[in-house]
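Comments concern the structure below.
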Amino acid sequence: DGGITQSPKYLFRKEGQNVTLSCEQNLNHDAMYWYRQDPGQGLRLIYYSQIVNDFQKGDIAEGYSVSREKKESFPLTVTSAQKNPTAFYLCASTGTDRMGSPLHFGNGTRLTVT
Amino acid sequence: AQSVSQHNHHVILSEAASLELGCNYSYGGTVNLFWYVQYPGQHLQLLLKYFSGDPLVKGIKGFEAEFIKSKFSFNLRKPSVQWSDTAEYFCAVNGPSGGYNKLIFGAGTRLAVHP
């Protein structure tokens, strides 16, 4: 079955360390996204990529970095510069064959930084 | 900047009660509107969407939503809720000013249905 795989499901890190969250999709989707979900704030867009080797900042990109070297993969690095990194991170993808195609989401990674 | 407002953060209903969750968005022009649902322990999934045409959209599990352009609203409704509808519901929109591939979400409404 096609889908989006995020790993790991839970991640714990010490403050000051960078950490990379994995996102892989086998849906042949061109566009991929990273969202952060916090209680009472919904989903906020961190970064998105519409094509390989290209990506754009979302609304809360500070303290994060991404790469898109392969169509299937869109890893997110949470750097030590991110002031409140503890959150639930969701990866999503969509085809760009029509305007406003629905997003397909992964199961998320819960990151805890202490 | 574009924004999406969901008026109710928490809603508690008894089974068989009717449901209406409010959603308003902040910008005009041609928009696409979505409702996503996140059941406990599961990933977000699409409930219904509006691109064009009939403003009353029917989705899965008996849900529907009505797009009222003059009110910038896209409220979600269900005539009779079930315990299994307990979940968090997110309204989302994309449009020309942010790019159709940039989906903006509301803060979510957590629905609890009691048997």
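Mean partner shielding of peptide B:102-115, defined as the number of other chain Cβ atoms within 10 Å of each residue Cβ, is 4. Taking the Cα centre of the protein assembly as shown as reference, the dipole from Cβ charges on Lys and Arg (+1) and Asp and Glu (-1) amounts to some 260 debye. Look at the stretch A:101-110: the mean tally of other chain Cβ atoms within 10 Å of its residues' Cβ atoms is 5. Separation of region A:1-41 from region B:14-79 is 26 Å, based on Cα centroids. Taking one quarter of the surface of the C-alpha convex hull of chain B gives a mean projected area of 6.8 nm². Taking other Cβ atoms within 10 Å as a rough exposure proxy, B:Glu88, B:Glu20 sort from fewest to most as B:Glu20, B:Glu88. Could you point to the residue in B:Trp83, B:Phe105, B:His7 farthest towards the positive end of chain B's charge dipole, with +1 and -1 charges on the Cβ of Lys/Arg and Asp/Glu respectively? Value computed over the given set: B:Phe105. When each of the peptides B:32-38, A:75-81, B:106-112 is scored by how many other beta carbons lie within 10 Å of its residues on average, the order from highest to lowest is B:32-38, B:106-112, A:75-81.
For the protein assembly as shown, the gyration tensor built on C-alpha atoms gives a prolate shape. Its axis ratio a/c (a ≥ b ≥ c) is at least 1.5, and a/b is the larger of a/b and b/c. Ordering B:49-58, B:2-11 by mean Cβ neighbour count within 10 Å, with the highest value first, yields B:2-11, B:49-58. A simple charge model with +1 on the Cβ of Lys and Arg, -1 on the Cβ of Asp and Glu and nothing else charged puts the dipole of region B:46-114 at about 80 debye relative to its Cα centre. Classification of chain A by its C-alpha gyration tensor yields a prolate form. The axis ratio a/c (a ≥ b ≥ c) is 1.5 or more, and a/b outweighs b/c. Shielding of peptide A:36-48 by partners, expressed as the average count of other chain Cβ atoms within 10 Å per residue Cβ, is 4. Can you give the % of DSSP beta bridges in chain A that are antiparallel, to the nearest 5? Expressed as a percentage, antiparallel bridges in chain A total about 90. Working from label points 7 Å from Cα in the Cα-to-Cβ sense, the A:Tyr10 to A:Phe88 distance is 1.4 nm.
Here, each number is a calculation from the coordinates, and none is a lab measurement. Quick caveat, the model's predicted, so the values are computed rather than measured. Cβ sites come from the backbone with ideal geometry, for glycine too, and all protein chains shown count toward neighbours.
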